[in-house]
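This report concerns only the one structure given below.
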Amino acid sequence: MPDDKLLALLSPTRLGRLTLRNRVFVPGHTTNFGLNNAPTRRHVAYHAERARGGAGLIITEAIRVHPTSAGRSISLGSFDDSSIPAYAAVTEAVHEHGARMFAQIMHAGRQANGDATRTAAWSSSPVPWAAGSHVPHAMGRRDIAVVVAAFAAAARRMREAGFDGLEVHAGHGHLLQQFLSPHTNTRDDAYGGSLDNRMRLTREVLTAVLAAAPELPVGLRVSADEFLPGGLDPAAVLEIVGKLRAEFPLAYVHVSHSAYHGSWSLATQMADMSFGHAPFRHHAALFKQEFPDLPVLAVCRLDSLPEAAELVAAGEADLVGLARPHIADPHLVRKAEQGRQHEVRACLACNQGCIGRLETSLPISCVVNPEVGAEREWADAWPELPGPSGARNVLVVGGGPAGLEAALSAHRAGHRVTVVEARDHLGGQVEMAARVPGRERLGLLTRDLARDVAAAGIPVRLGHRAGVDDVLTGGYQDVVLATGSRPARRELPGGPPVIDIWQAVDNLADPGYRPAGAVVVLDDEGTWSAASVAEALARRGARVHLVSPTATVSAKITTYSRLALLKRFADLGIAVHPMRTARAAGATAVALGGPLAGGDTIVEDVTTVVDGGSAQAADELYRQLDALPDGPHIHVVGDANAPRTAFEAVYEGRMAGAFLGAYDTASAQRVRYAH
């Protein structure tokens, strides 16, 4: 039974003229599911699943009101009336499952560079969002009138598409915020200078939107703090909201933070696990204190319902938004209502499958939930899987994320499964990575998988390294090999001692470990593996040098996390050496050379070199079985297939377990195509 705080969170509430079935909402977040800037069947299935999972309110990702904001064709927009039926299909699917749905309308402004659409970005002033990015077009009076009319037209279309309300996005450094903020607004006309002038466009937009959809509740999303020099701070945004609510019947204020700016500010918008739980909850509390009778929506790094319930219980917010947790487990509300909170798959706040894929113009997915973006295909596929009549005997070798996910999906498909793990505990390399300070949330992945394996009654044998005889004498029809990978360890002849990344993690697991002198971390991959170890070593007192042969340090970490990581590097005094490789320059010295002009950099007093180079697949058992003339079907998943990340490992495990012996079926092909 949910506790009192959770019961309050799950109780009905009012928003404008609407009643919501609970105080949990799914905030707007980009999916990259669009086609020609219109919603697709993927949007329908994605949002319907979260409505079915119990959310009270779902707010769409940003719907761009004008082609100059589109940026790329996979974003959402509403540029003419032909978009209405596609949006209506989404609202109908959500309403079918009892949730309300609001449309978030916006213009992205200067960051809608339009490389794909060949459109110039528009903004209040010709100030680019990051060094090296396009200089935007400074909007003239006619441009402003076009955008205001576009907001009104989009609001009308969303009303006709059946949305229950509208959210005008004036935060996250998008166009309205670019006019509001003195950091970006350098105009000297009626739209710049004084606060009232900088507010003029937002006022005009709200006037037009309310006139176009007078019967719909209209809320406002704001960034409470831009975290920029000379930018908007909480006092300024409180004043702005106070003025606007005195003039307009705002249904709510949705309090976020940050600006779309190439600095630490942008990293806060998608705060990863390094920030800790609810790091910006104080912003919503400020607005609730200032406007007690105005519904306040809170958001960002609310990792679970019990944690989110704290804000409602404390009177800091009226509704709480969980975006990434709903990506990870769309049924988290329903599970809580049914007393099954312990079954929720936890969000890792890793930013890998969600915002990390958006950055490369790929559709979102999720490390812990491989079905994201293919909800319809998986729902169709599961009933077609073999079931008890087609059950097979399956051996899963390896108890990391790939093996555990394979065991669970094979069990769900009706097969008889046994798991064998060489170590005396489950978790694989994820469990090891979670031992690095600051990366502990990774352990939630294998904790949840191991919990579900135990709940399913799947036999697990620990402390046994499976060999060919185990496979051949066990009567198995299929063997899933999830044996992982080994870290690199290269020598520097004549130089300081070299340890691999696992040895470095083992050292850091000792609270008393204090590395002396300088430590050189070699980072060939640009992933969290080397970056997190480098940061942890610096926090223990080492003088750390991170050396990468690539031009971008930590290149495989999403920008949304890397901007915060690099700030921590700077704060900790970590020296970063891009486009450099290392060689010995004596027993306690390392020379760093590279292709650019200039001499080598010599790092003195080096006590340890940590090799964070490319891992190697631990695939000996696969090679041995593959050489046999017959035997069970072999399925290689995760790092044993090719060293990558937990994202690929969980997906491959899910696919292998679900479609054992059936990779040529229509079900498998549908799901694979959807991804």
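Please pick out the residue among 190, 259, 271 that is over 22 Å from residue 99 (Cβ atoms), touching a Pro at 6+ places or on another chain (Cβ under 7 Å), of a type in the set (A, V, I, L, M) and part of a loop (DSSP other than H, G, I, E, B).
Numbers: 190 fails: touching a Pro at 6+ places or on another chain (Cβ under 7 Å); 259 fails: touching a Pro at 6+ places or on another chain (Cβ under 7 Å).
None of the other options fit; the residue is 271.
Test residue 175 against the criterion of being under 32 Å from the mean Cα position of the chain (by Cα), hydrophobic (A, V, I, L, M, F, W, C), over 15 Å from residue 239 (Cβ atoms) and surrounded by fewer than 24 Cβ atoms within 10 Å (Cβ to Cβ), and give yes or no. Can you show your working first?
Details: under 32 Å from the mean Cα position of the chain (by Cα): yes; hydrophobic (A, V, I, L, M, F, W, C): yes; over 15 Å from residue 239 (Cβ atoms): yes; surrounded by fewer than 24 Cβ atoms within 10 Å (Cβ to Cβ): no.
Judged against the criteria, residue 175 is not a match.
Just wondering, is there one or more residues in the stretch 57-64 that are surrounded by fewer than 21 Cβ atoms within 10 Å (Cβ to Cβ) and either not assigned by TED's automatic domain parsing to the domain that holds residue 150 or not hydroxyl-bearing (Ser, Thr, Tyr) (or both)? Break it down into steps so the answer makes sense when it comes.
Applying the first criterion (surrounded by fewer than 21 Cβ atoms within 10 Å (Cβ to Cβ)) to the stretch 57-64 yields none.
Checked against the condition, which is being surrounded by fewer than 21 Cβ atoms within 10 Å (Cβ to Cβ) and either not assigned by TED's automatic domain parsing to the domain that holds residue 150 or not hydroxyl-bearing (Ser, Thr, Tyr) (or both), the stretch 57-64 yields no hits at all.
Yes/no per residue for (1) β-branched (Val, Ile, Thr); (2) surrounded by 20 or more Cβ atoms within 10 Å (Cβ to Cβ):
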residue: 525; (1), (2): no, yes
residue: 538; (1), (2): no, yes
residue: 553; (1), (2): yes, yes
residue: 561; (1), (2): no, yes
residue: 567; (1), (2): no, no
residue: 573; (1), (2): no, no
residue: 581; (1), (2): yes, no
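If you check residue 227 against the conditions, is it assigned by TED's automatic domain parsing to the domain that holds residue 126, hydrophobic (A, V, I, L, M, F, W, C) and on the phi > 0 side of the Ramachandran plot? Walk me through how you get there before you give the answer.
Working: assigned by TED's automatic domain parsing to the domain that holds residue 126: yes; hydrophobic (A, V, I, L, M, F, W, C): yes; on the phi > 0 side of the Ramachandran plot: yes.
So residue 227 passes the test.
Find the residue count for the stretch 514-523, including only residues that are surrounded by fewer than 24 Cβ atoms within 10 Å (Cβ to Cβ) and within 18 Å of residue 500 (Cβ to Cβ).
Residues of the stretch 514-523 surrounded by fewer than 24 Cβ atoms within 10 Å (Cβ to Cβ): 514-518.
Right, trim to within 18 Å of residue 500 (Cβ to Cβ) and you get 515.
Total satisfying the criteria: 1.
For residue 473, all conditions in the list (1) within 18 Å of residue 402 (Cα to Cα); (2) out of contact with any helix residue (DSSP H, G or I) (no Cβ under 7 Å at 6 or more places or on another chain) hold save one; what is the number of the exception?
(1)
Out of everything in the stretch 626-640 that is in contact with a helix residue (DSSP H, G or I) (Cβ under 9 Å, 6 or more places away or on another chain) and surrounded by fewer than 19 Cβ atoms within 10 Å (Cβ to Cβ), what residue ends up being nearest to residue 397 (Cα to Cα)?
Of the stretch 626-640, the ones in contact with a helix residue (DSSP H, G or I) (Cβ under 9 Å, 6 or more places away or on another chain) are 628, 631-632, 634-640.
Those still in the list that are surrounded by fewer than 19 Cβ atoms within 10 Å (Cβ to Cβ) too: 628, 631, 634.
Numbers: 628: 18, 631: 15, 634: 11 Å.
Checking each candidate, the answer is 634.
Check residue 125 against each of (1) over 29 Å from the mean Cα position of the chain (by Cα); (2) on the phi > 0 side of the Ramachandran plot and name the one condition it does not meet.
Result: residue 125 passes all but (2).
Does residue 221 qualify as being assigned to a helix (DSSP H, G or I) and either out of contact with any Leu (no Cβ under 6 Å at 6 or more places or on another chain) or in contact (Cβ under 8 Å) with a residue 40 or more places away in the chain (or both)?
no
Filter the stretch 450-505 down to residues that are free of Cβ contacts under 8 Å to residues at least 24 places away in the same chain and more than 31 Å from the chain's Cα centre (by Cα) and give me whichever is nearest to residue 658 (Cα to Cα).
Across the stretch 450-505, the extreme among qualifying residues is 457.
Hey, among 50, 118, 72, 100, which residue is without any contact (Cβ under 8 Å) to a residue 24 or more places away in the chain and either under 30 Å from residue 6 (Cβ atoms) or assigned by TED's automatic domain parsing to the domain that holds residue 171 (or both)? Before the answer, list the steps.
Numbers: 50 fails: without any contact (Cβ under 8 Å) to a residue 24 or more places away in the chain; 72 fails: without any contact (Cβ under 8 Å) to a residue 24 or more places away in the chain; 100 fails: without any contact (Cβ under 8 Å) to a residue 24 or more places away in the chain.
When all the criteria are applied, what remains is 118.
So is residue 44 surrounded by 22 or more Cβ atoms within 10 Å (Cβ to Cβ) and assigned by TED's automatic domain parsing to the domain that holds residue 320 or not? Lay out the reasoning, then the answer.
Details: surrounded by 22 or more Cβ atoms within 10 Å (Cβ to Cβ): no; assigned by TED's automatic domain parsing to the domain that holds residue 320: yes.
Answer is no for this residue.
Given the conditions (1) surrounded by fewer than 23 Cβ atoms within 10 Å (Cβ to Cβ); (2) of a type outside the set (S, T, N, Q); (3) not assigned by TED's automatic domain parsing to the domain that holds residue 413, and given that residue 336 satisfies all but one, which numbered condition is not satisfied?
Of (1) surrounded by fewer than 23 Cβ atoms within 10 Å (Cβ to Cβ); (2) of a type outside the set (S, T, N, Q); (3) not assigned by TED's automatic domain parsing to the domain that holds residue 413, only one is false for residue 336: (1).
Sort through 146, 135 and tell me the only one that's surrounded by fewer than 24 Cβ atoms within 10 Å (Cβ to Cβ) and assigned to a helix (DSSP H, G or I). It would help to see each step written out before you state the result.
Details: 135 fails: assigned to a helix (DSSP H, G or I).
After applying the criteria, what remains is 146.
Among the residues in the stretch 420-429, are any surrounded by 18 or more Cβ atoms within 10 Å (Cβ to Cβ), of a type in the set (Val, Ile, Thr) and within 20 Å of residue 646 (Cβ to Cβ)? Lay out the reasoning, then the answer.
Taking the stretch 420-429 as the starting set, the residues that turn out to be surrounded by 18 or more Cβ atoms within 10 Å (Cβ to Cβ) are 420-421, 426-429.
Now drop any that are not of a type in the set (Val, Ile, Thr), which leaves 420.
If we keep only those that are within 20 Å of residue 646 (Cβ to Cβ) as well, we get none.
Scanning the stretch 420-429, I find no residue that is surrounded by 18 or more Cβ atoms within 10 Å (Cβ to Cβ), of a type in the set (Val, Ile, Thr) and within 20 Å of residue 646 (Cβ to Cβ), so the answer is no.
Out of all the residues in the stretch 224-234, is one or more at pLDDT 95 or above, more than 17 Å from residue 109 (Cα to Cα) and not in a loop (DSSP other than H, G, I, E, B)?
Among the residues of the stretch 224-234, at least one is at pLDDT 95 or above, more than 17 Å from residue 109 (Cα to Cα) and not in a loop (DSSP other than H, G, I, E, B), which makes the answer yes.
Would you check which residues across the stretch 289-316 are in a loop (DSSP other than H, G, I, E, B) and in contact (Cβ under 8 Å) with a residue 40 or more places away in the chain and list them?
Keep residues of the stretch 289-316 that are in a loop (DSSP other than H, G, I, E, B), which gives 291-295, 299-304, 314-316.
Passing the criteria: 291, 294, 295, 299, 300, 301, 303, 304.
Taking helices (runs of 4 or more DSSP H) that fall entirely within the stretch 426-517, which contain at least 1 residues that are more than 30 Å from residue 343 (Cα to Cα), of a type outside the set (A, V, I, L, M) and assigned by TED's automatic domain parsing to the domain that holds residue 640?
Details: elements: 428-433, 443-455, 468-473, 501-508.
Correct list: 468-473.
Based on this model, can you work out whether residue 132 counts as free of Cβ contacts under 8 Å to residues at least 12 places away in the same chain and either more than 27 Å from residue 253 (Cβ to Cβ) or touching a helix residue (DSSP H, G or I) at 6+ places or on another chain (Cβ under 9 Å) (or both)? Show your work before the answer.
Working: free of Cβ contacts under 8 Å to residues at least 12 places away in the same chain: yes; either more than 27 Å from residue 253 (Cβ to Cβ) or touching a helix residue (DSSP H, G or I) at 6+ places or on another chain (Cβ under 9 Å) (or both): yes.
Yes: the conditions hold for residue 132.
Out of 546, 592, which single residue is among the aliphatic types (A, V, I, L, M), buried (at least 21 other Cβ atoms within 10 Å of the Cβ) and closer than 19 Å to residue 490 by Cα? Even if it seems obvious, please write down each step before you answer.
On the way: 592 fails: buried (at least 21 other Cβ atoms within 10 Å of the Cβ).
Exactly one of 546, 592 is among the aliphatic types (A, V, I, L, M), buried (at least 21 other Cβ atoms within 10 Å of the Cβ) and closer than 19 Å to residue 490 by Cα, namely 546.
Can you name the residue in the stretch 365-422 that is in a helix (DSSP H, G or I), without any contact (Cβ under 8 Å) to a residue 40 or more places away in the chain and touching a Gly at 6+ places or on another chain (Cβ under 7 Å) and, of all such residues, is farthest from residue 617 (Cα to Cα)? Show your work before the answer.
First, the residues of the stretch 365-422 that are in a helix (DSSP H, G or I): 375-384, 388-390, 401-412.
Then keep just the ones that are without any contact (Cβ under 8 Å) to a residue 40 or more places away in the chain; that gives 383, 388-390.
Keeping just the survivors that are touching a Gly at 6+ places or on another chain (Cβ under 7 Å) gives 388, 390.
Values: 388: 34, 390: 32 Å.
Across the stretch 365-422, the extreme among qualifying residues is 388.
Output the number of the condition that residue 629 fails; it satisfies all remaining conditions of (1) within 23 Å of residue 549 (Cβ to Cβ); (2) modelled with pLDDT under 95.
(1)
Being among the aliphatic types (A, V, I, L, M), farther than 30 Å from residue 18 by Cα, in contact (Cβ under 8 Å) with a residue 60 or more places away in the chain and crowded, with 17+ Cβ neighbours inside 10 Å narrows it down to one of 266, 232, 286, 228, so name that one. Spell out the reasoning first.
Numbers: 232 fails: in contact (Cβ under 8 Å) with a residue 60 or more places away in the chain; 286 fails: farther than 30 Å from residue 18 by Cα; 228 fails: in contact (Cβ under 8 Å) with a residue 60 or more places away in the chain.
Matching residue, one of 266, 232, 286, 228: 266.
Hey, any hits in the stretch 362-374 for a residue that's in contact with a helix residue (DSSP H, G or I) (Cβ under 6 Å, 6 or more places away or on another chain), crowded, with 22+ Cβ neighbours inside 10 Å and closer than 15 Å to residue 24 by Cβ?
no
Could you check the stretch 149-172 and list, in sequence order, the residues that are in a helix (DSSP H, G or I) and surrounded by 24 or more Cβ atoms within 10 Å (Cβ to Cβ)? Walk me through it before giving the result.
Residues of the stretch 149-172 in a helix (DSSP H, G or I): 149-160.
Answer for the stretch 149-172, where residues must be in a helix (DSSP H, G or I) and surrounded by 24 or more Cβ atoms within 10 Å (Cβ to Cβ): 151, 154, 155, 157, 158.
The values are calculated or read from the model by the stated rules, or taken from the named source; none is laboratory data. Given the structure is predicted, the values throughout are model-derived calculations rather than measurements. Glycine also receives a Cβ, built like all others from the backbone with ideal geometry; neighbour counts cover every protein chain displayed.
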